[in-house]
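Trainee: The structure under discussion is supplied below as structure tokens; questions concerning it will follow.
Quick note: the coordinates plus some simple rules give every number you see, no bench work behind them. This structure is a prediction, so every number in the text was calculated from the model and none was measured.
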Amino acid sequence: MSSPTPTEKEPTNTEVATKNAEISPIKTTTPGSNPEWMKFGEQISGYISETSNYATDFLSAYRVPLLVLGGIIIFAIVFTVTSSLLTAINHIPLVKPIFQLVGLGYTIWFVWRYLVSSSKRQELFQEWNSWQSYLVGQNKSDS
């Protein structure tokens with residue numbers, strides 16, 4: 001056995017495999033030529049249209065309960081975020097006593113403004129009744 005000369009090189013396995021491999025043409029099919037794919041496509045489109053119909057029917061039938069549920073979820077999220085924010089602010093030094101002083105000051109002002117004299121109490125109750133009728137949707141002329 002003689003070793004190959006530097007100009008001659010032994011072919012590697014991949015070179016031999018690519019030289020011996022046959023190239024087969026790619027078979028293309030037109031969309032209407034394969035009935036199996038057509039059946040599969042029809043099943044998929046039918047499923048999608050049925051699903052959208054079911055979703056539409058469900059949403060129209062349960063609109064009010066879904067809105068109430070969504071409102072409750074949003075309220076819970078807002079409450080949790082607000083509570084966490086106030087807890088974080090409350091842990092800052094001197095903020096808690098300042099908030100307590102502001103609350104105490106507002107309470108003293110409210111008592112002095114509305115509850116000390118009889119005429120101011122009547123004014124407060126009249127304002128309370130007007131807000132209550134506004135929120136409930138009744139006018140004073142209705143009652």
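Trainee: Taking just the C-alpha trace of the range 71-130, give me its Rg and Dmax in Å.
Mentor: Both quantities, over Cα of the range 71-130: 17.4, 44 Å.
Trainee: Through the Karplus equation 6.51 cos²θ - 1.76 cosθ + 1.60, θ set to phi - 60°, convert the phi angles of the range 99-110 into ³J(HN,Hα) values in whole Hz; use x for Gly and Pro.
Mentor: Rounded to whole hertz, the list is 4, 5, 5, 5, x, 5, x, 5, 5, 4, 4, 4.
Trainee: Then there's this: Would you please classify the overall shape of the range 34-91 from the alpha carbon gyration tensor, given that a ≥ b ≥ c denote the square roots of the eigenvalues, rounded means a/c under 1.5, and beyond that prolate means a/b larger than b/c while oblate covers the rest?
Mentor: oblate
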